[in-house]
4 protein chains.
Amino acid sequence: MHAFRPAGAGVKTGLFQIIFESDTPLGKGFDIALAVLILMSVGVVLLDSVESYHQRFGVFFYYAEWVVTVLFTLEIGLRVYCLEKPRLYLKSFYGVIDVLAVLPTWLALFIPGAQTLVVIRLLRTLRLFRVLEMMTLVGEGKLLVDALKRSRGQIILFLFAVMMLVTIFSSLLFLIEPAEAGFTSIPKAIYWGIVTLTTVGYGDIAPVTPLGQFISIMIMLTGYSIIALPVGVFSVEVINTLRDERYSDEACPGCGKHQHEKNARYCKFCGTWLDEESLDPNAVEQADS
Amino acid sequence: MHAFRPAGAGVKTGLFQIIFESDTPLGKGFDIALAVLILMSVGVVLLDSVESYHQRFGVFFYYAEWVVTVLFTLEIGLRVYCLEKPRLYLKSFYGVIDVLAVLPTWLALFIPGAQTLVVIRLLRTLRLFRVLEMMTLVGEGKLLVDALKRSRGQIILFLFAVMMLVTIFSSLLFLIEPAEAGFTSIPKAIYWGIVTLTTVGYGDIAPVTPLGQFISIMIMLTGYSIIALPVGVFSVEVINTLRDERYSDEACPGCGKHQHEKNARYCKFCGTWLDEESLDPNAVEQADS
Amino acid sequence: MHAFRPAGAGVKTGLFQIIFESDTPLGKGFDIALAVLILMSVGVVLLDSVESYHQRFGVFFYYAEWVVTVLFTLEIGLRVYCLEKPRLYLKSFYGVIDVLAVLPTWLALFIPGAQTLVVIRLLRTLRLFRVLEMMTLVGEGKLLVDALKRSRGQIILFLFAVMMLVTIFSSLLFLIEPAEAGFTSIPKAIYWGIVTLTTVGYGDIAPVTPLGQFISIMIMLTGYSIIALPVGVFSVEVINTLRDERYSDEACPGCGKHQHEKNARYCKFCGTWLDEESLDPNAVEQADS
Amino acid sequence: MHAFRPAGAGVKTGLFQIIFESDTPLGKGFDIALAVLILMSVGVVLLDSVESYHQRFGVFFYYAEWVVTVLFTLEIGLRVYCLEKPRLYLKSFYGVIDVLAVLPTWLALFIPGAQTLVVIRLLRTLRLFRVLEMMTLVGEGKLLVDALKRSRGQIILFLFAVMMLVTIFSSLLFLIEPAEAGFTSIPKAIYWGIVTLTTVGYGDIAPVTPLGQFISIMIMLTGYSIIALPVGVFSVEVINTLRDERYSDEACPGCGKHQHEKNARYCKFCGTWLDEESLDPNAVEQADS
């Protein structure tokens, strides 16, 4: 990370350390302050959307929004100032979100109504993951994310097969059910199919003919049973991720084979003594004591 | 697969390679083009079922449907032409779907209204799995399918027990609940029972008497708890499938026992050196280096 | 099982073999015929409960019911005849169900309306498990049942904790929500709480106040997360059940320890050669060849 | 526990043993009697909240409530009497609940209407866990609780990510959907989002525009798939908890390494004989026989 720090000491470097890094007290403080500000700005957007609160506290919300907007704009300014290639930041994912978060309020000065787009600001909550990174939670979350990445392919395939199944069954119900039951088009029937298969079941659309209800039962039992698939796949990937953490990447100096547990002292294939480096540091300490 | 290729070179063989195989660039291209055409035809069927779109773009959809029908008919013709035993194809699962997909449009020339059956065409989406086969996704999907096959018996038994349970409880609610609550017959009560047990819960039928609601609670808690069964069974089958992939099928030349890991060099039962062929090729490379 | 067979050959013994056992062709045939008859009688009860079918086919259903009742009564008679201690049968679980299944129709001769209780007959479907016993399905189902028995204690504890949680939260909503929203009493609020926690969500009762909706969110997220508990516990019990099947019950003749895998030839604790009997029969064959 | 017992024999010590401990017959009896009384008082609160029961049995419920209140007050008095530091008890979690459980009835003597707060008494059900502690259930429940503690961090992180996702998608639906569909504010839209993602699906609020329904499908499929995360994590933690119970905490006297199975006799790393104490008592018996 330090490689990206602008050369030459001074205000720029100091600001960079505070804004973009979090290994100094000021850097940590900045991240936490930003998190609090984002949560507060989200709170204002949420409460302002409630009609009764808007009427009573509308003026307060209006000023709070401007304070947040000015602070966020200032933050963008500082980020641009202390970077050597600010264009890359402005084109990056977070950069675009940062700018979009302040744009609606500024635009509202010229275009009335632009303020309704202020909900875009909610996307800034994604920055909160930065704060989580500093907490122990992320160490644990890494397992979740790793296992999710490994099972991604299979879960996509699963969802694809589910979609095909739902499309075929839903079209059947579009033919069988009367329009009064809510099955007015195939896309609407597919919406109902997903609502049913995922066991959400709003009830805004529901089959009324015996045949339609029979096919619905098939969809429900399918949805109820195949939830086992993503769960099973994900569980196994969690186990695999944990196992990979247990095995060393080092090869045996005798036979060149891999797959030694991190606390192994001898190669399990040829019996060669595995050199110190492949040992788990903790195990070394114990052995020497 | 090549064994099924018709003898004698020429146009037929070339067509066969393009249409039925996918190891040539043209063969792959054909599969992808067919997938795109199927998805487009499905899109037309879906959008045409929306009343407002039908009124505005109905004519366009009409022509699009004819273009798709002609192309699909042409495809069937080519398949029949380049096969030696076209009857077997026409009687096969995919053959029947292929013909059914084009029949409604042709029939509509003679029988008005036959066009409504064009949704049958959605079944052609099953052909899309052919394209998936070429992608890495299927390698991952094989694990899912294998584990599903292994757990099939138990999941069927589970669904059977669930159905019996639901039938008994639903009949009770048919006796308890007034007809106004929607429990007008036992089959309808069973429909409600499945809606409840699978936690779909439309709410079109719901118990209104205290006793009925108490029995409903039993069904809900049962449904909520026993989802653990298919999930647990499937998870274990995924683990078993993975383990089977890790163990070699080869027997030890010394004692004849099985269950050696694929990268094992010595029999774990009697210590005999396992011959090269039973070794994992990757492990050999590492051992030689 | 043969120990329970009445002494002395003749008609009684023959009937016993047919009705209570299934290792003869006639015994198997009887079980299957009974299963078919039960399913048919269930079908008649189900269809007769549909008003429109009752009006059209009511007479046919009436006669079908009498045929089934007479056949079932005959079956009870034969069971009583060929048993030495028929009282024990009549007091047993299945005996009571068998009698209850035919009682309503006979009673209807004297008490008009007793026929509505004919749904009790559905309990006879439990006899179907007898047929399943002969099929391969049950071998697989045994794993399910074993794992379910092992995890029973924990799942009951889980349901108990869930009930306490729901009671406390539901009472809160009873205080918060207006009666118009459907929260007319605490038992009704608990019904709503279970509907919510199990993610059924009929929508016949739903919170309308912001605070009530906030507490509902807590219940939903809890219900969504803690489904992990029964699933996790059951999965582990399935794995444990499978492991127990893999280990031999035999102790090592050298050191007396247990926990040897069924295909092990030497004690893993002291190296003593395990005698032939503890070997997996399949492994012996391979070793001799 | 005995360390906390007040010094000096006599009535106080006897009462302490009965009320706070459960290793004497009287102590067990007290715990069970208290559990029954709590369940009965909960039953009265539940039934009294039903309007029709209140009108018919209101007077009985009134007296039952007073009996329970007096008994509970007496119990508090005894607890205070036999403790040396009663203030610590009154400030403790259970102490506060105990007092809150009797307060409403006493307050109702002076302040009319205070009785509606009697539902607070339901919190006393938490004391029931004390009774469960004596039963075998808790031994099994410990596994559940341990695994839940281990997976807590990851499940909180999971719920946090879910909340962020729901907030962003729900705000989108607030912008897209008309107010008539129920999306009157962002907090209400978030309520709907949680109802949808957790697959509860009341149907009191449901999207009506095609775009809104499309985004809903995304939320449903997400909710349906990511249920795999808490389940997978919890399953793995159950397995880890079980494994930890299998491994000894003792270090090898030869090489100082850990991770020996409880029934191991020799260090698996250096072959040193592990001293008796680290052996499983059961294994010793078998070895000596």
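The values are calculated or read from the model by the stated rules, or taken from the named source; none is laboratory data. Just so you know, these numbers come straight off a predicted model, no measurement behind them. Note that we place each Cβ from the backbone using ideal geometry, even for glycine, and neighbour counts take in every protein chain shown. Note: accessible area is taken over every heavy atom of the protein model, side chains too, but ligands, DNA and RNA are not part of it. Shrake-Rupley method; radii C 1.70, N 1.55, O 1.52, S 1.80 Å.
Quick notes
- For residue A:7: the one exception among (1) at pLDDT below 90; (2) assigned to a helix (DSSP H, G or I): (2)
- Test: residue in region B:188-196 that is under 16 Å from residue B:167 (Cα atoms) and within 7 Å of chain C (Cβ to nearest Cβ): yes
- Residue within region C:35-50 that is surrounded by fewer than 17 Cβ atoms within 10 Å (Cβ to Cβ), assigned by TED's automatic domain parsing to the domain that holds residue C:126 and in contact with a Ser or Thr (Cβ under 9 Å, 6 or more places away or on another chain) present: yes
- Any chance residue B:84 is in contact (Cβ under 8 Å) with a residue 40 or more places away in the chain and open to solvent by less than 50 Å² (accessible area, probe 1.4 Å): no
- Those residues of region B:49-85 which are within 27 Å of the chain's Cα centre (by Cα) and polar (S, T, N, Q), in sequence order: B:49, B:69, B:73
- Matching helices (runs of 4 or more DSSP H) fully within region B:32-137 where at least 1 residues are within 26 Å of residue A:169 (Cβ to Cβ) and within 14 Å of chain A (Cβ to nearest Cβ): B:51-82, B:93-107, B:128-134
- Pick from region C:158-175, criterion in contact with a Phe, Trp or Tyr (Cβ under 8 Å, 6 or more places away or on another chain) and of a type in the set (A, V, I, L, M, F, W, C), ranking: nearest to the other protein chains (Cβ to nearest Cβ): C:174
- Single unsatisfied condition, residue C:217 versus (1) within 9 Å of chain D (Cβ to nearest Cβ); (2) under 20 Å from residue C:177 (Cα atoms); (3) open to solvent by less than 10 Å² (accessible area, probe 1.4 Å): (3)
- If you go through region B:186-214 and pick out every residue that is open to solvent by 10 Å² or more (accessible area, probe 1.4 Å), β-branched (Val, Ile, Thr) and not in a loop (DSSP other than H, G, I, E, B), you end up with 1.
- All positions within region C:176-213 that are in contact with a Phe, Trp or Tyr (Cβ under 6 Å, 6 or more places away or on another chain) and aromatic (Phe, Trp, Tyr): C:183
- Taken as a whole, the structure leaves residue A:21 outside the set of residues that are closer than 24 Å to residue D:166 by Cβ and free of Cβ contacts under 8 Å to residues at least 60 places away in the same chain.
- Residue B:147 being open to solvent by less than 30 Å² (accessible area, probe 1.4 Å), at pLDDT 90 or above and either within 24 Å of the chain's Cα centre (by Cα) or not polar (S, T, N, Q) (or both): no
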